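A.B. asks: Okay, handing you the structure first.
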């Protein structure tokens, strides 16, 4: 056979071999990219994110654990678990202190507090959003104590008021409950724009630092980019996350999150919900449904936290009333306290509804969501 012909045959054979290899590899790649379940297109990003978009609307009670795939974040170097300095109540409550202590400063030098001063003191509390009912009760008690102890000068009256305000906030359980060995669910509720998603993100980091294994459930399926925002927080804290399709049933997402947490041995589910106005009956009924679904086995609802914006002041009271009736609120998270002159709303919330303020936001940083410390808070208002 001619050498030229042999060379041509060799080249053709080599091309055929390479082409066959490329075809097999291409088919294998497409098979790896195909979803294993025809009902769910799951996208794992390697950061614990599940983006499931079910074709059918399966009722929450029929969701199978196998339909949820959650992965632990792969890139541990990206996890932000460095603990920053704890913010000071005194340093961060400048606005509230200015509004409250402006009048109080004029009392310090008085040798005798008269009727006009008592009325002015009550008015100062009301302006600080302590609330009319609570302000009247506080001043009445202080006047009685001043009479019994024969305290007449301004400085002594202020000390009595400070002590009475300490008592008002004392002896309340402000702990965040986690039952050992259970799939704890913390449900976050509130109106639009109060900071629910950000609060969950910051708590995710805190729980990781404390040695817990949190999972975030993106139950706000109606606000654009809510799931993406929560995903960002999950990546920062190394938490796992379950999310559903935009506009989907929030109860299903929460149910999936609880099932996934139980399967992955996550001890706390941080469940986000869509912001809703307290005067919309149908939306509040939907929230009640979310609460019931979250409590289904293996879910164990240990906290229902109402997130309130401190800058709204007394408007937060009407929110507290309706949300408490709908979902049995266990505590309050008060955000933006550092930017509010209405810090007195803490007293109104606790006095009128018996709800403990458990967490407060003293800044925008990830470590600025802190446990509420009553003594430190009251001292910061007077100093």
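The values are calculated or read from the model by the stated rules, or taken from the named source; none is laboratory data. Here the structure is a predicted model, which is why all the values come from computation and not from measurement. Backbone-built Cβ (ideal geometry, glycine too); neighbour counts: all protein chains shown.
A.B. asks: In region 291-325, what count of residues is obtained for those that are closer than 18 Å to residue 191 by Cα and either in a strand (DSSP E or B) or not assigned by TED's automatic domain parsing to the domain that holds residue 258 (or both)? Give the derivation first.
C.D. replies: Taking region 291-325 first, the residues closer than 18 Å to residue 191 by Cα are 291, 303-325.
Still in the list and also either in a strand (DSSP E or B) or not assigned by TED's automatic domain parsing to the domain that holds residue 258 (or both): 303-309.
Number of matching residues: 7.
A.B. asks: Could you list, in sequence order, the residues of region 234-255 that are surrounded by fewer than 24 Cβ atoms within 10 Å (Cβ to Cβ) and under 17 Å from residue 205 (Cα atoms)?
C.D. replies: 235, 236, 238
A.B. asks: Then there is this: Is it the case, given these coordinates, that residue 275 is buried (at least 22 other Cβ atoms within 10 Å of the Cβ), assigned by TED's automatic domain parsing to the domain that holds residue 250 and either under 30 Å from residue 253 (Cα atoms) or touching a helix residue (DSSP H, G or I) at 6+ places or on another chain (Cβ under 6 Å) (or both)? Explain how you work it out, then say what you get.
C.D. replies: On the way: buried (at least 22 other Cβ atoms within 10 Å of the Cβ): no; assigned by TED's automatic domain parsing to the domain that holds residue 250: yes; either under 30 Å from residue 253 (Cα atoms) or touching a helix residue (DSSP H, G or I) at 6+ places or on another chain (Cβ under 6 Å) (or both): yes.
Considered against the rule, which asks whether it is buried (at least 22 other Cβ atoms within 10 Å of the Cβ), assigned by TED's automatic domain parsing to the domain that holds residue 250 and either under 30 Å from residue 253 (Cα atoms) or touching a helix residue (DSSP H, G or I) at 6+ places or on another chain (Cβ under 6 Å) (or both), residue 275 comes out as no.
A.B. asks: In region 98-214, which helices (runs of 4 or more DSSP H) lie fully inside it and hold 3 or more residues that are within 27 Å of residue 368 (Cα to Cα), out of contact with any helix residue (DSSP H, G or I) (no Cβ under 7 Å at 6 or more places or on another chain) and assigned by TED's automatic domain parsing to the domain that holds residue 318? Quick ask: steps written out before the conclusion?
C.D. replies: Working: elements: 115-127, 132-149, 154-169, 196-209.
By residue number, 196-209.
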